[in-house]
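Asks: I'd like to ask some things about the structure below.
The values are calculated or read from the model by the stated rules, or taken from the named source; none is laboratory data. Note that the structure is predicted; figures quoted are calculated from it, not measured. A quick note on method: Cβ atoms are made from the backbone with ideal geometry, for glycine too, and the neighbour counts reach across all protein chains shown.
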């Protein structure tokens, strides 16, 4: 794909700001349900866990200032989920995440000492839910244009 084709594909997607807001709403709903249904409490953002990256692998011809992936802060709780409640927890996460487009299972680890469940959406975003000593809820978005790039509506010159 050339720069214009890649940019055109990205124009069909929401901006990175819109997606992060939507995903944060989803993660809030998941945390609320896990607290209500399984007693997972004391959720907090893990300090220093948020970052962003470019999308050179997926969209190599789009200016790096125009497109990005974000990894918002990981949420964690000191309340672990027991192996006996793991299926219920996965069901809770799946049911909320499905409403936000996370309908592809990417990874399942059902080991007593390491429980992990990852889902993807059509933009290659990944929602990662796991429990061992703590319970975590992490997210990496797919590639999305910045609001400025989408408003401009055309590729900017390569750097």
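Asks: Can you confirm whether residue 107 is over 13 Å from residue 143 (Cα atoms) and in contact with a helix residue (DSSP H, G or I) (Cβ under 7 Å, 6 or more places away or on another chain)? Break it down stepwise before answering.
Replies: Numbers: over 13 Å from residue 143 (Cα atoms): yes; in contact with a helix residue (DSSP H, G or I) (Cβ under 7 Å, 6 or more places away or on another chain): no.
For residue 107, the condition - over 13 Å from residue 143 (Cα atoms) and in contact with a helix residue (DSSP H, G or I) (Cβ under 7 Å, 6 or more places away or on another chain) - is not met.
Asks: In the stretch 122-143, how many residues are in contact (Cβ under 8 Å) with a residue 60 or more places away in the chain, surrounded by fewer than 19 Cβ atoms within 10 Å (Cβ to Cβ) and over 13 Å from the mean Cα position of the chain (by Cα)?
Replies: So the count comes out to 0.
Asks: Scan the stretch 50-94 for residues that are in contact (Cβ under 8 Å) with a residue 60 or more places away in the chain, within 16 Å of residue 20 (Cβ to Cβ) and not in a loop (DSSP other than H, G, I, E, B) and jot them down.
Replies: 67, 68, 69, 70, 71, 75
Asks: Only one residue in 119, 115 is buried (at least 17 other Cβ atoms within 10 Å of the Cβ), in a strand (DSSP E or B), modelled with pLDDT of 95 or more and in contact with a helix residue (DSSP H, G or I) (Cβ under 9 Å, 6 or more places away or on another chain), so which one is that? Step through it out loud before you land on a result.
Replies: On the way: 115 fails: modelled with pLDDT of 95 or more.
After ruling out the rest, the residue left standing is 119.
Asks: Can you tell me which residue in the stretch 25-49 is surrounded by the fewest Cβ atoms within 10 Å (Cβ to Cβ), limited to those that are in a loop (DSSP other than H, G, I, E, B) and touching a strand residue (DSSP E or B) at 6+ places or on another chain (Cβ under 6 Å)? Before the answer, list the steps.
Replies: Let us first name the residues in the stretch 25-49 that are in a loop (DSSP other than H, G, I, E, B), namely 39-43, 46-49.
After this cut, where a residue has to be touching a strand residue (DSSP E or B) at 6+ places or on another chain (Cβ under 6 Å) as well, the list is 40, 42-43, 46.
Values: 40: 24, 42: 11, 43: 19, 46: 13.
That would be 42.
Asks: Are any residues in the stretch 1-24 touching a residue at least 40 places away in the same chain (Cβ under 8 Å), out of contact with any strand residue (DSSP E or B) (no Cβ under 9 Å at 6 or more places or on another chain) and farther than 17 Å from residue 60 by Cβ, and if so, which ones?
Replies: 22
Asks: Taking the stretch 1-13, which residues are surrounded by fewer than 16 Cβ atoms within 10 Å (Cβ to Cβ) and not in a helix (DSSP H, G or I)? Talk me through it step by step, then tell me what you get.
Replies: Of all residues in the stretch 1-13, those surrounded by fewer than 16 Cβ atoms within 10 Å (Cβ to Cβ) come to 1-2, 4-5, 8-9, 11-12.
Within the stretch 1-13, 1, 2, 12 qualify.
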